[in-house]
Amino acid sequence: MKSLIQRRLLMLIPTLVGISLLGFILLELMPGDATTLLMRRSAGEVTPEAIDNLRRELGLDRPWPVRYLRWVGRAVRLDFGTSFSSGEPVRREIFSRLPATLALALGAFTFMLTVTLPLGVLSALRKNQWPDHLIRVGAIVFHSVPAYWLGLLLLWVFALKLGLFRVVGQGAWQDLILPIVTLGSGMAAFYSRMTRERVIDVLEQDYIRLVYAKGLSRRILIFRHVLKNALLPLVTLWGMSFGYLLGGSVIVESVFSWPGVGKLVVDAILNRDHPVIQAYVVLMALIFISVNLIVDLVYPLLDPRLRPRRSAEAMEG
Amino acid sequence: MKRLLHNRLVVTGAGILVFLMILVMLGPIVVSSDPFEMNPLHRLEPPNSAYPLGTDYLGRCLLSRLLVAGRISLGTSVWVSVVILFSGLVVGLAAGLAGGRIEEIIMRLVDIFLALPSLVLTLAVIGVLGPSLESAITGICISWWPVYARLVRGMTLTAMAKPWVQAARISGTRGMRLIIRYILPQLAPPLLVLASLEMGTMILVFSGLSFLGLGAQAPTPEWGAMLNDARHFMQTTPHMMLAPGLAIFLSVLGFNLLGEGLRDALNVREMTEF
């Protein structure tokens with residue numbers, strides 16, 4: 001067990017180095033570097049001496065390993081410089097918008113689970129009957145609908161035609177409903193199928209037959225024995241999916257004008273605001289890595305077979 | 001082959017795709033109006049006899065734009081998928097066959113790529129190169145191959161463990177002969193399924209980027225970009241957003257149905273789940 005955790009943490013090192021190199025390269029490849037910055041900053045004349053001065057000031061004349069280490073030093077303190085377009089510290093800009101994106105992603109995740117579990121189980125219990133066919137067709141359809149189109153259609157029907165929601169969100173929780181449905185539905189389609197298959201697998205196991213034979217009620221059977229075993233393998237996938245929700249929020253935030261980091265980064269790419277892009281990429285990577293790390297560390301606690309009992313090392317070897 | 005034709009999913013999926021393909025290939029020849037020609041007098045018109053799908057905010061014919069856009073949306077997605085799968089295949093095969101330290105290095109590299117959500121990495125690449133059709137394509141290719149490298153490596157290891165492959169290796173089969181005669185035939189069915197599903201994903205991602213303004217740039221017609229144009233006129237001319245969205249949806253549905261059907265028909269369920 002201990003060695004498992006150790007190994008998992010050791011594996012983080014190359015990943016973190018990779019991410020930091022990516023962030024550093026993003027900033028290094030900034031087009032025109034100092035010249036552009038100077039022009040944006042002063043709007044005045046750009047003399048070769050002024051460029052040299054600024055390069056020295058920014059440390060751009062030093063060799064790249066030095067610049068990289070400096071970058072890491074600042075990134076550890078989450079200092080990503082100032083945004084070109086707003087002139088504000090990137091850290092403040094991105095952290096003031098992060099809660100909106102996290103709320104959207106968590107909401108979509110919760111929505112996905114509440115839809116997926118009942119549908120997946122129903123589909124499995126009624127295997128090859130009409131509810132199952134209906135759910136499976138629905139899953140393929142919703143898996144194929146582009147989120148941006150679904151979002152626009154929902155806006156059109158529920159906000160414009162029926163007037164139930166505001167067209168442009170202002171950050172209130174009601175404004176979050178349509179974006180959550182839009183972001184979560186594709187994933188819900190994927191997982192209702194996954195849940196169905198897992199539950200069917202478990203229902204065919206011998207120990208479930210034993211529970212049947214013992215005469216336990218169907219409800220206890222489903223909740224205590226089937227669901228627990230069926231969902232366990234999905235936990236790791238859920239962790240990964242959270243990352244895809246973070247990525248997918250870029251499109252959904254843009255459709256609904258939701259003030260999160262996804263909208264921020266799209267605007268930053270269009271304005272070539274590299275400090276913001278770089279901060280976004282590094283931050284998303286850190287969140288994604290942390291979620292997966294937590295999932296990997298919690299997993300043994302959920303699965304008794306991986307729980308440390310006598311000696312995990314002996315089992316491993 | 002017979003098994004494939006009896007599979008309803010395969011037939012429906014392939015049917016949708018053939019229909020779309022005919023539309024996109026022959027459409028621009030049959031529909032004579034110029035997709036780039038602006039007509040300020042006929043802005044935002046509803047469907048009528050001159051413009052079967054109406055016009056957009058610059059008075060351009062939506063039908064001819066839709067058909068030309070299909071070539072870009074579908075064409076790009078198809079060849080991006082081919083590039084991704086091929087690079088994934090080469091790297092995955094190399095890792096699986098080489099083993100040892102080479103495999104370790106390749107897989108660590110793949111892990112680093114996979115430590116970022118693919119779409120976030122794509123955005124990073126587009127951020128460096130600046131928004132354009134080419135950057136979107138480059139970004140997608142860079143971010144998506146590691147998924148397949150990992151899958152192919154797993155499949156290769158499974159394939160190598162088969163007794164007849166081991167027998168062939170013991171009797172001296174090596175290199176390309178081993179790959180072509182013994183490994184690839186085992187990888188082909190699951191890869192075919194993955195390719196079909198992947199095309200669907202790529203259409204969604206590529207059109208999504210264009211929708212955000214980060215892919216195909218104006219005036220190039222592209223389904224996602226057309227949707228982006230349409231959203232600003234949702235209140236007045238909602239019909240503008242129906243056709244491009246439906247086109248994306250149908251193509252993705254076609255590839256997904258085909259992939260699902262192939263998965264059942266070729267019996268490769270375990271190998272293609274991820």
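Working only within the range B:207-227, note down all residues that are closer than 18 Å to A:Gly262 by Cβ and surrounded by fewer than 24 Cβ atoms within 10 Å (Cβ to Cβ).
Residue satisfying the conditions is B:Gly213 alone.
Would you confirm, using the coordinates I've provided, whether A:Arg67 is more than 14 Å from A:Val281 (Cα to Cα), at pLDDT 80 or above and within 35 Å of the chain's Cα centre (by Cα)?
Spelling it out, A:Arg67 is indeed more than 14 Å from A:Val281 (Cα to Cα), at pLDDT 80 or above and within 35 Å of the chain's Cα centre (by Cα).
Determine if the range A:169-183 includes at least one residue that is touching a Pro at 6+ places or on another chain (Cβ under 8 Å) and either away from chain B (no Cβ under 12 Å) or buried (at least 18 other Cβ atoms within 10 Å of the Cβ) (or both). Step through it out loud before you land on a result.
If we filter the range A:169-183 for residues that are touching a Pro at 6+ places or on another chain (Cβ under 8 Å), which is where we start, we get A:169, A:171.
Now drop any that are not either away from chain B (no Cβ under 12 Å) or buried (at least 18 other Cβ atoms within 10 Å of the Cβ) (or both), which leaves A:169, A:171.
Yes.
Out of everything in the range A:221-239 that is surrounded by fewer than 16 Cβ atoms within 10 Å (Cβ to Cβ) and closer than 26 Å to B:Thr201 by Cβ, what residue ends up being farthest from the chain's Cα centre (by Cα)?
Only one residue tops the list, namely A:Pro233.
On the given criteria, is A:Ala188 closer than 27 Å to A:Asp132 by Cβ, modelled with pLDDT under 80 and among the aliphatic types (A, V, I, L, M)?
For A:Ala188, the condition - closer than 27 Å to A:Asp132 by Cβ, modelled with pLDDT under 80 and among the aliphatic types (A, V, I, L, M) - is not met.
Condition first: closer than 13 Å to A:Leu227 by Cβ and of a type in the set (S, T, N, Q). Now tell me which residues in the range A:191-204 satisfy that.
Selection gives A:Thr195 alone.
Exactly one condition in (1) within 14 Å of chain B (Cβ to nearest Cβ); (2) modelled with pLDDT under 85 is not met by A:Val235; state its number.
Looking at each condition in turn, A:Val235 falls short on (1).
Consider B:Leu133 against the criteria (1) more than 14 Å from every other protein chain (Cβ to nearest Cβ); (2) farther than 19 Å from B:Gly208 by Cβ: it satisfies all of them except one. Which criterion is unmet?
Of (1) more than 14 Å from every other protein chain (Cβ to nearest Cβ); (2) farther than 19 Å from B:Gly208 by Cβ, only one is false for B:Leu133: (2).
Does B:Leu204 meet the test of being buried (at least 23 other Cβ atoms within 10 Å of the Cβ), without any contact (Cβ under 8 Å) to a residue 60 or more places away in the chain, closer than 17 Å to A:Val250 by Cβ and within 11 Å of chain A (Cβ to nearest Cβ)? Give the derivation first.
On the way: buried (at least 23 other Cβ atoms within 10 Å of the Cβ): yes; without any contact (Cβ under 8 Å) to a residue 60 or more places away in the chain: yes; closer than 17 Å to A:Val250 by Cβ: yes; within 11 Å of chain A (Cβ to nearest Cβ): yes.
When the stated conditions are applied, B:Leu204 passes them.
Considering only residues of the range B:171-192 that are at pLDDT 80 or above and of a type in the set (Gly, Ala, Ser), which is surrounded by the fewest Cβ atoms within 10 Å (Cβ to Cβ)?
Going through the qualifying residues, I end up with B:Ser171.
Just to check your reading of the model, which residue among A:Leu160, A:Leu152, A:Leu164 is among the aliphatic types (A, V, I, L, M) and in contact (Cβ under 8 Å) with a residue 60 or more places away in the chain?
Step by step, each of A:Leu160, A:Leu152, A:Leu164 is checked, and only A:Leu152 is among the aliphatic types (A, V, I, L, M) and in contact (Cβ under 8 Å) with a residue 60 or more places away in the chain.
Quick one: which residue in B:Leu197, B:Leu214, B:Leu227, B:Leu192 is assigned to a loop (DSSP other than H, G, I, E, B) and either more than 26 Å from the chain's Cα centre (by Cα) or not β-branched (Val, Ile, Thr) (or both)? First the steps, then the outcome.
On the way: B:Leu197 fails: assigned to a loop (DSSP other than H, G, I, E, B); B:Leu227 fails: assigned to a loop (DSSP other than H, G, I, E, B); B:Leu192 fails: assigned to a loop (DSSP other than H, G, I, E, B).
When all the criteria are applied, what remains is B:Leu214.
Checking A:Arg166 against (1) within 23 Å of B:Leu212 (Cβ to Cβ); (2) in a helix (DSSP H, G or I), only one condition comes out false. Which one?
Every listed condition holds for A:Arg166 apart from (2).
Run down A:Ser20, A:Ser86, A:Ser3, A:Ser42 and say which single residue is among the hydroxyl-bearing types (Ser, Thr, Tyr) and modelled with pLDDT of 85 or more.
Among A:Ser20, A:Ser86, A:Ser3, A:Ser42, only A:Ser20 is among the hydroxyl-bearing types (Ser, Thr, Tyr) and modelled with pLDDT of 85 or more.
Residues that are touching a residue at least 60 places away in the same chain (Cβ under 8 Å) and either over 14 Å from the mean Cα position of the chain (by Cα) or surrounded by 22 or more Cβ atoms within 10 Å (Cβ to Cβ) (or both): which helices (runs of 4 or more DSSP H) entirely in the range B:49-150 hold 2 or more of them? Reasoning before the result, please.
Details: elements: B:62-98, B:100-114, B:118-129.
Once the helices (runs of 4 or more DSSP H) in the range B:49-150 are filtered for at least 2 residues that are touching a residue at least 60 places away in the same chain (Cβ under 8 Å) and either over 14 Å from the mean Cα position of the chain (by Cα) or surrounded by 22 or more Cβ atoms within 10 Å (Cβ to Cβ) (or both), what remains is B:62-98, B:118-129.
Look at the range B:119-130 and say how many of its residues are under 14 Å from B:Phe206 (Cα atoms) and at the interface with chain A (Cβ under 7 Å from one of its Cβ atoms).
Matching residues across the range B:119-130 total 4.
Checking the condition farther than 19 Å from B:Gly175 by Cα, touching a helix residue (DSSP H, G or I) at 6+ places or on another chain (Cβ under 6 Å) and modelled with pLDDT of 90 or more, which residue from B:Ser118, B:Ser143, B:Ser87 passes?
Unique residue meeting the criteria: B:Ser143.
Condition check ((1) more than 9 Å from chain A (Cβ to nearest Cβ); (2) in a loop (DSSP other than H, G, I, E, B)) across all residues:
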site: B:Pro219; (1), (2): yes, yes
site: B:His239; (1), (2): yes, no
site: B:Ile248; (1), (2): no, no
site: B:Ser251; (1), (2): no, no
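Go through the range A:109-146 residue by residue and tally those that are within 14 Å of chain B (Cβ to nearest Cβ) and small (Gly, Ala, Ser).
Number of matching residues: 3.
Do we have B:Arg174 as within 14 Å of chain A (Cβ to nearest Cβ), more than 24 Å from B:Pro221 (Cα to Cα) and of a type in the set (Lys, Arg) here?
Values: within 14 Å of chain A (Cβ to nearest Cβ): no; more than 24 Å from B:Pro221 (Cα to Cα): yes; of a type in the set (Lys, Arg): yes.
No, not satisfied.
The values are calculated or read from the model by the stated rules, or taken from the named source; none is laboratory data. Remember, it's a predicted structure, so these values are computed and weren't measured experimentally. Positions of Cβ are backbone-derived with ideal geometry, glycine not excepted, and every protein chain shown enters the neighbour counts.
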